[in-house]
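Values quoted throughout were computed directly from the atomic coordinates according to the rules given, and no laboratory measurement underlies them. Please read these numbers as outputs of a predicted model, since none were measured by experiment. For neighbour counting, all protein chains shown are included, and Cβ atoms are generated from backbone atoms with ideal geometry for every residue, glycine included.
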Amino acid sequence: MDLKKEPITLEAAKTKMKNKFKPHMMYDKSGKGYKADTYEQHLAMKKKGYGHSKPSSKSKNTAKRVKKLIQKKSGY
């Protein structure tokens, strides 16, 4: 019994992922939600840093505090 699998090509992997894709929500760092209706939209949002889970209010507050601190330190 041969357990070795044939290596999968990048194109075959992309096709498999595209066929398995289901529309879902993705969230930017502020917590605003956007629906990824296609695999291409999903990849574009992923590239922009969007995630699958909505950031908690704690992480939003932390991000605001860090932004204010950076502005103070840089003089903006």
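Values for this structure:
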read-out	value
With at most 13 other Cβ atoms within 10 Å, longest stretch of the chain clear of loop trypsin sites (Lys or Arg not before Pro) (DSSP)	49-76
Rounded tilt (10° steps) of 57-74 against the dominant C-alpha axis of the chain	60 degrees
Helix 10-20 vs. the chain, principal-axis angle (Cα, 0 to 90°, nearest 10)	80 degrees
Helix-only [θ]222 nm of the chain, DSSP H runs n ≥ 4, -39500 (n - 2.57) each, per residue, nearest 500	-15500 deg cm²/dmol
